[in-house]
Amino acid sequence: SPAGSWRIDHVLTGAPPEAWERISCGDGAKGPRVYDWAAAKLPTIEGSDPARYRWVLARRSLARPEEVAYYLAFAPAEANVSELVRVAGSRWAIEECFQAAKNECGLDQYEVRRYVDWYRHITLAMLAHAFLAAMTAHALERGAEEAVQAASFPSPWQKSGDSWTLPVPPRPGITHPRTGSTGPAGADATRPSPATATTSAARTPIG
């Protein structure tokens, strides 16, 4: 600032207790991520954009108050603390995006020495990651629609004793066997008796 330079932690040490606000910076894996936040505008610099202000922002852990993270922001003049906190909380989503791109698309697996080559690799990897994310979202939406449609039909599964049965609808022109039959239609009427089968086998020449 025109008055000199300060360490950001020294500046925040003098913040009054009422300057800290308990705000959620977004939902995480375990629910809302709630911290104590303090924000203040920094002095303007001659020649800077009058429509924007510089901010200093601090995030303090609820469980471990000694853990404080600091941010510098350059935001529109009408911005408020809640908006600054929301933008600061979006860092987790960006980090998750980069980590997924590294795991799935080889974002960090480049062997180049020039900026142009690196830029092409990064652009292609992020484009592939965006395509996969869009395809995944589309598949999830389609799966949800199919699940809703399937739920509107009764299940064909039937329980008989300790086992499940899946009835097969009859096809035209085919007669299903009677209950207890294990063969095709008419097998009970044409299957020879054990005595007849034995006599027929005895009469069959060998060799």
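The values are calculated or read from the model by the stated rules, or taken from the named source; none is laboratory data. Not measured: the values here are computed from a predicted model. For neighbour counting, all protein chains shown are included, and Cβ atoms are generated from backbone atoms with ideal geometry for every residue, glycine included. To get the accessible areas, we keep the full protein, side chains included, count just its heavy atoms, and leave off ligands, DNA and RNA. Shrake-Rupley method; radii C 1.70, N 1.55, O 1.52, S 1.80 Å.
Quick rundown of the values:
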{"item": "Residue within the range 9-24 that is open to solvent by 90 Å² or more (accessible area, probe 1.4 Å), closer than 22 Å to G89 by Cα and under 33 Å from the mean Cα position of the chain (by Cα) present", "result": "yes"}
{"item": "Condition check for A39: open to solvent by less than 70 Å² (accessible area, probe 1.4 Å) and in contact with a helix residue (DSSP H, G or I) (Cβ under 6 Å, 6 or more places away or on another chain)", "result": "yes"}
{"item": "Boolean, A73 is surrounded by 17 or more Cβ atoms within 10 Å (Cβ to Cβ), over 26 Å from the mean Cα position of the chain (by Cα) and of a type outside the set (K, R)", "result": "yes"}
{"item": "Options E66, E83; residue that is open to solvent by less than 90 Å² (accessible area, probe 1.4 Å), farther than 18 Å from M126 by Cα and either small (G, A, S) or touching a strand residue (DSSP E or B) at 6+ places or on another chain (Cβ under 9 Å) (or both)", "result": "E83"}
{"item": "Subset of the range 42-56 (residues that are out of contact with any helix residue (DSSP H, G or I) (no Cβ under 8 Å at 6 or more places or on another chain) and either open to solvent by less than 90 Å² (accessible area, probe 1.4 Å) or modelled with pLDDT of 85 or more (or both))", "result": "L42, P43, T44, I45, G47, S48, D49, A51, Y53, R54"}
{"item": "Pick from the range 94-115, criterion assigned to a loop (DSSP other than H, G, I, E, B) and aliphatic (A, V, I, L, M), ranking: least open to solvent (accessible area, probe 1.4 Å)", "result": "L107"}
